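Contents: one structure, followed by commentary.
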Amino acid sequence: MEMFTPFAQAGEAESQQTSLEDATMAEKPFCLQKLASSHLVSVQSCDNSPVLGRLKPGSEVDLAEIEEDIKCKLKEVCWLPNFYYLPPDRRIAGTKAYQEGKIYGIDAASGAAVLALDVSPGDHVLDLCAAPGNVLQLTSLIFSAGAKLCTILDLLGCSGSVTGVDIARHRLAASRTMLLKYALGDLCRLFVADGTTFSLIPSVVKLNCKAGEKENTDTYREWTPRRPWKERKRVAKSRQDNASSEIIDPELIFYGRHSGVVGLNKCEVFKSVNDFEISQFGYDKVLVDAECTHDGSIKHIQKFEQWGWNTLSRRVLDAARTDNLTVLQLRLLTNGFRLLKAGGFLVYSTCSLTVAQNEGVVEQFLSQHVSAELVEIEAAKNWPCRPARLPKTLRFDPLTSSTSGLFIAKFTKLAM
Ligand SMILES: C[S@@+](CC[C@H](N)C(=O)[O-])C[C@H]1O[C@@H](n2cnc3c(N)ncnc32)[C@H](O)[C@@H]1O
């Protein structure tokens, strides 16, 4: 199977990092977060539009502090409760709020995709493509590394769990850095893994391992950035094995204190389960924010000024690549749905505007899964989005929504 690599290659990303601190809000979405008192403000910029932000109830004092810090007033956004606009010419990289980890980036449409999941405290959530997309590779390392992941964790409160999976190790590591910076990782596990084959359910479920399997497997202690030598050796070996294998074994690169991992052993964390166990002990909510051509993101299109417009056909228009992408998207959606509990909800989103990567994938998926049903996105009633071609699915159009382009479909899994 073809593995998709980011459009922006690793080298590109590294060379771009130096300009990160100079980035302005006009160039990218981001959000602000107040951590210690669980207050949150998130802000998003979009092209010619103002910036949006989200503020948790009760944080007015902090809002004033942040306004002081970024030297402007935050204006409330009518369609996203507790979100605020900010002028697009503000710089935040140098602000205290940013440096103290009160700010992280998210596009408003991306925020909406997470809200569509309707995460409740206590939920076990799977984010199958959790690392920041390559659209925002430049900015995401600082501003929005796994922004949806951060938002899910914020909505979850202090119970439940979030499992973030991504195939790109370096970008998932950036998400880990952000979780640590914002102290959001307590309930979170991060796996470098192929989302099309990932098969682990939340760690909070106690699974029986055979006596033989348990032997010689160390119990996970509290996570520290410094891994014991034995574990580093095991991981290095597993990477070597993965390199020559079609199927990548999941690698646990981070787990929070209350993610359910501490106290379990490897066999318990990595135990494979059957479909019956998944229907009972799988995830309550799954987000499949799939890899795509990013053609709905004006920010991404603007990157061609740097990359050169002659790379457009390779990066976006190449039909073979798009065909492969739709296969990948369908596989991600299918596996995400497999890991969903009966009665749970899955949100599929892409920032492509093409029918093939959105309605096309959804239609194909529905034709293959009788237990899947599209559901209305209740929260979307006042969103500046429009119905997509399939009933109950929607699109944020960058021309009319003042957000990045995004397609969202929400499914439930019927008990069969
Ligand atoms: C649109 S981005 C996700 C953005 C992220 N949700 C955020 O909010 O910042 C798509 C992600 O899918 C990942 N990806 C591509 N193929 C994958 C696969 N087979 N399994 C898991 N992740 C994959 C890419 O590495 C990329 O990080």
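Distant-in-sequence amide contacts of ASN265, defined by a placed amide H-H separation under 5 Å and a gap of 5 or more residues or a different chain, comprise TYR220. Summarising the label geometry, the points placed 7 Å from Cα in the beta-carbon direction at SER159 and LYS75 lie 4.1 nm from one another. Take the Cβ atoms of VAL262 and SER120, set R0 to 30 Å, and the FRET efficiency comes out at 0.80. Taking amide H as placed 1.01 Å from N in the peptide plane, the amide H of GLY344 sits under 5 Å from that of LYS413, each at least 5 places away or on another chain.
A cut-off of 5 Å between modelled amide H atoms, ignoring neighbours fewer than 5 places along the same chain, links ASP289 with LEU128, CYS129, SER349.
With the cut-off at under 11 Å, measuring from each backbone N in the range 152-196 to a point 7 Å along the Cα-to-Cβ line of ARG338 picks out 195-196. Rounded to whole Å, the principal axis extents of the Cα atoms in the range 328-402 read 35, 25, 17, largest first. In order along the range 307-318, the phi-based Karplus estimate (6.51 cos²θ - 1.76 cosθ + 1.60, θ = phi - 60°) of 3J(HN,Hα) comes to 6, x, 5, 5, 8, 4, 5, 5, 7, 10, 8, 4 Hz; Gly and Pro are listed as x.
Among the listed pairs LYS381/LYS410; LYS181/LYS341; LYS271/LYS341; LYS285/LYS410; LYS237/LYS266, those whose Cα-Cα separation exceeds 20 Å are LYS181/LYS341. Take LYS233 and TRP307, extend 7 Å from each Cα along the Cα→Cβ direction, and tell me the distance between the two endpoints in nm. According to this spin-label approximation, the distance is 4.3 nm.
A crude spin-label estimate for the pair GLU373 and ALA183, with each label 7 Å from Cα along the Cβ direction, gives 4.3 nm. Here the 3J(HN,Hα) profile of the range 165-172, calculated from phi with Karplus coefficients 6.51, -1.76 and 1.60 at θ = phi - 60°, is 10, 7, 7, 8, 4, 5, 7, 5 Hz, Gly and Pro shown as x.
Laboratory data are not the source of any read-out in this text; all were calculated from the coordinates shown. Every value quoted in this text rests on a predicted model; they were computed, and no experiment measured them. FYI the Cβ positions are ideal-geometry reconstructions off the backbone, even for glycines, and counts take in every protein chain you see.
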